[in-house]
Amino acid sequence: MKCGNICRKMVLLSIVVAAFALRLAYLLHSHPFIDEFTTLLAARAILARGLPVLPSGLFYEHGLPFTYLDAPFVGLAGDRWLFVAARLPSLVIGTATVPLLYWIGRRWFSPRAGLVAAALFAFSPEGMVWGGRARMYALAQLLALLLAFLVYEGSRGEGRQRLRWLALLTLLAALLTQFGAIILVPPLVIGGLVVGWLTRSASE
């Protein structure tokens, strides 16, 4: 029996709800990871002085976009709910990555491939952990996915300069979030050149 559009939407909704529940369970029941304290210190420094300068005087640039995103949540939370509030951006970002992954999988391959990709990410241990910690990894993961999408779509022919500029901006955001994203540059550049060449060859 084939799964129609309504069926696919119900399956996707179930996957998204499961992803949210798993990340929320980790958020609520796991002990703080040591690096999360650094994120909290940097977020509080942003609230106090506008810059993530730690008590040691170190400018904490690691995960800069996430720290600024996290700061309002830290500022609104009391001491009792501090870690819960600080982890909320990762929960939202980690959950939102699931339908985005489905949409890209459906666009590039098929609805079934999109559902499989979304389910694999929703139930992946790393996805659960990163979506439940006050760290930058869920955001880095989302930006890496967006970057791959923009590079591929921006390489498919002429007249896609806006997508290419968005890819560059997304790359900058990814590098500021997690500098390890630099390893994505060589394969994405090569892949973009190959896709552009194949697209031009097919149109000639």
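The values are calculated or read from the model by the stated rules, or taken from the named source; none is laboratory data. Predicted model, so just to flag it, every value in this text is computed and none were measured. Don't worry about glycine lacking a Cβ; one is built from the backbone with ideal geometry, like all the others, and counts go over all protein chains shown. Surface areas here come from the heavy atoms of the whole protein model, side chains and all, with no ligands, DNA or RNA. Shrake-Rupley method; radii C 1.70, N 1.55, O 1.52, S 1.80 Å.
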Cβ charges +1 (Lys, Arg) and -1 (Asp, Glu), total dipole of the stretch 66-166, debye: 260
Overall dimensions of the stretch 18-62 as given by Cα atoms, namely Rg and Dmax in Å: 13.8, 42
What does the helix-only formula give at 222 nm for the chain: each DSSP H stretch with n ≥ 4 adding -39500 (n - 2.57), the total divided by the residues, and the result rounded to the nearest 500 deg cm²/dmol? -25000 deg cm²/dmol
Binned Cα-Cα distance frequencies in the stretch 50-127 - 5 Å width, integer %: 3, 14, 16, 15, 15, 12, 10, 8, 4, 2, 0
I'd like to know which of ALA113, LEU184, SER90 lies farthest towards the positive end of the charge dipole of the stretch 70-204, counting +1 on Cβ of Lys and Arg and -1 on Cβ of Asp and Glu. ALA113
Just to confirm, what accessible area per residue do you get for the stretch 17-143 at 1.4 Å probe, in whole Å²? 50
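Please work out whether the stretch 152-204 counts as rounded, prolate or oblate from its C-alpha gyration tensor, where a ≥ b ≥ c are the square roots of the eigenvalues and a/c under 1.5 means rounded, while otherwise a/b larger than b/c means prolate and anything else oblate?
oblate
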Quick calc, the chain, dipole around Cα centre from Cβ unit charges on Lys, Arg (+) and Asp, Glu (-), nearest 20 debye, gives 640
